[in-house]
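Everything on this sheet refers to the single structure shown next.
Read the figures in this text as sums done on the coordinates, not as results from a lab. Keep in mind the model is a prediction, meaning the values are calculated, not measured. Positions of Cβ are backbone-derived with ideal geometry, glycine not excepted, and every protein chain shown enters the neighbour counts.
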Amino acid sequence: VSEASPILQPGERAIGSVGQSLAAALDTSYVDRLNAAFYSRIEYPWPPHSLERFHGGLWVLMLNQDVGAWRAPRIPSAPEIWVAGCGTNQAVITALRFPRASVLGSDLSEASLEVARRSSEALGVSNLELVRESINEADYAERFDYVICTGVIHHNADPASSLRRLASATKRQGLLELMVYNQFHRIQTAAFQQALRAMLRTSTSPDFETEKALAQRLVECREGRGSMRTFLEARVSVPKAAFADALLQPVERSFTVESLAALAGCCGLEVLHPAIDAYSRSRGAVDWNLCFADAEVRRLYETLPDVERWHVTNLMRLEESPALWFYLQRTDSGLPRQSEASMAAAFLDERLVRVTDERELLVREPGGGYRSRGRQPVPAGAPPDREAAAVLADLPEGGTVGEVVSRLGLERSPRRVNRLRLGLATSAFPYLCSRALIEAES
Ligand SMILES: C[S@@+](CC[C@H](N)C(=O)[O-])C[C@H]1O[C@@H](n2cnc3c(N)ncnc32)[C@H](O)[C@@H]1O
């Protein structure tokens with residue numbers, strides 16, 4: 001393998017070393033073995049302080065709204081879901097969010113699956129199956145309504161080939177939720193991994209134990225300046241899994257919006273819309289659109305198609321841009337992709353009702369089990385976005401946001417309306433649901 005070179009991905013004009021740690025990305029089964037060993041040594045992610053159980057269909061409703069299905073559900077109320085590369089808890093979290101779904105969680109790491117099995121048993125989860133399997137060997141054909149794969153294919157030798165398997169497993173009109181690393185978020189991690197392996201000469205054959213020992217020494221001595229020093233300082237006391245995830249990944253590739261769209265295109269997929277992840281939400285990085293004060297700059301930017309505009313945002317925001325976490329659909333779905341502006345316009349006219357749901361909070365006990373702390377209302381509190389909060393306060397039950405926007409004299413530009421949509425009627429901010437969608441579900 002040492003003579004071979006990494007597999008070039010669609011949209012990659014040349015392999016650069018910035019944000020990429022690819023020396024070992026030589027062969028699919030070799031990298032699968034590296035990942036199986038790596039993720040058996042660390043439990044990723046580490047156990048969350050608490051989990052949430054939902055009893056109704058809130059997450060299905062919100063998933064439909066995330067992709068603009070306001071009238072007829074695109075994802076059925078009892079969907080088939082695959083969490084591919086589920087790690088220790090993502091499949092359990094998904095089964096708890098979608099109680100009527102049948103969830104399949106798969107991973108290369110038996111140790112991670114064992115953690116998931118234990119929590120699933122402790123919580124009495126009955127809609128989850130867990131299997132040890134590589135995405136690169138899975139041959140599901142149009143089986144799933146919804147496939148979730150976040151933080152996985154960029155660790156594989158040939159992400160395009162992994163993504164083709166995910167696309168084939170998705171039903172024609174189903175949805176794929178994909179997260180790959182944003183190149184501008186991985187500059188320090190990949191540089192560190194390369195430096196470490198250059199010293200140990202382990203670039204094509206990463207070795208966890210020797211690399212871990214040197215990584216610890218490098219973090220402790222904190223040589224370096226600027227962003228690398230800040231990066232290393234933040235790794236001094238983190239959980240073992242977080243340390244290894246940042247500093248010791250055997251293989252990591254990273255993307256821009258442009259190269260992700262190219263990758264999707266060659267796998268029979270197209271990028272639909274951003275999915276707001278918890279981390280970007282906590283940083284306030286939920287909108288892929290920029291607001292320019294200069295009218296000419298605004299005009300040039302605003303006339304770009306969605307994906308090209310988001311790519312400009314990716315380049316202009318660099319490390320501040322949101323995670324590359326998107327919904328995708330098959331190009332043979334027969335469903336035309338709605339632009340973000342048309343989704344926002346449809347949202348303005350939709351008759352909406354308030355979300356009144358509950359979540360059961362399950363708090364982790366010292367022994368590893370979970371104890372219910374009772375039910376809490378969803379949503380909790382007002383929307384964080386001030387304009388969204390004002391709209392919600394003024395909206396009559398079954399009214400439209402368009403009427404409120406006119407009454408309050410708010411700006412109706414597609415970008416401002418889209419911000420309202422994001423802050424009021426998405427999985428990340430579930431305050432409103434479409435009345436038509438609820439009626440169609442019941
Ligand atoms: C960074 S973790 C992400 C875990 C989970 N998706 C999440 O977001 O919490 C990557 C996971 O993908 C798994 N993985 C990597 N390549 C895989 C493959 N080809 N097939 C199945 N699992 C894979 C690893 O074992 C690991 O558990």
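For the chain, a simple Cβ point-charge model (Lys and Arg +1, Asp and Glu -1, everything else neutral) yields a dipole of about 660 debye relative to the Cα centre.
Residues 292, 38, arranged from fewest to most other Cβ atoms within 10 angstrom of their Cβ, appear as 292, 38.
What's the exposure ranking of 82, 70, 325, 46, going from fewest to most Cβ atoms within 10 Å? Intermediate values should be presented prior to the final figure.
On the way: 82 27, 70 22, 325 19, 46 15.
Sorted ascending by nearby Cβ count, the order is 46, 325, 70, 82.
Using Cβ point charges alone (K and R +1, D and E -1), the dipole size of region 288-442 about the Cα centre works out to roughly 260 debye. Per residue of the chain, the DSSP helices (runs of n ≥ 4 H) give a summed -39500 (n - 2.57) that works out to -12000 deg cm²/dmol at 222 nm. Residue by residue, region 404-418 carries 3J(HN,Hα) couplings of 5, 4, 5, 4, 8, x, 7, 5, 10, 5, x, 5, 5, 5, 5 Hz when phi is fed to the Karplus relation 6.51 cos²θ - 1.76 cosθ + 1.60 (θ = phi - 60°); x denotes Gly or Pro.
Considering only 125, 423, 336, and ranking their Cα positions along the charge dipole of the chain that arises from unit charges at the beta-carbon of Lys, Arg, Asp and Glu, the one farthest toward the positive end is 423.
Output the relative contact order of region 320-442, whole-number percent, from Cα pairs under 8 angstrom with separation of 6+ residues. Answer for region 320-442 is 31 percent.
In which sequence would 228, 179 go, from the one with the fewest C-beta neighbours within 10 Å to the one with the most? Walk me through the intermediate numbers first.
Working: 228 16, 179 19.
Lowest to highest Cβ neighbour count: 228, 179.
Restricting the trypsin sites (Lys or Arg not before Pro) of region 259-309 to loop positions (DSSP other than H, G, I, E, B) with no more than 13 neighbouring Cβ atoms within 10 Å leaves 283. Region 268-314 and region 384-433 have their alpha-carbon centroids 19 Å apart. How big is the gap, in Å, between the Cα center of region 342-359 and the Cα center of region 134-191? If we compute the Cα centre of each part, the gap is 29 Å.
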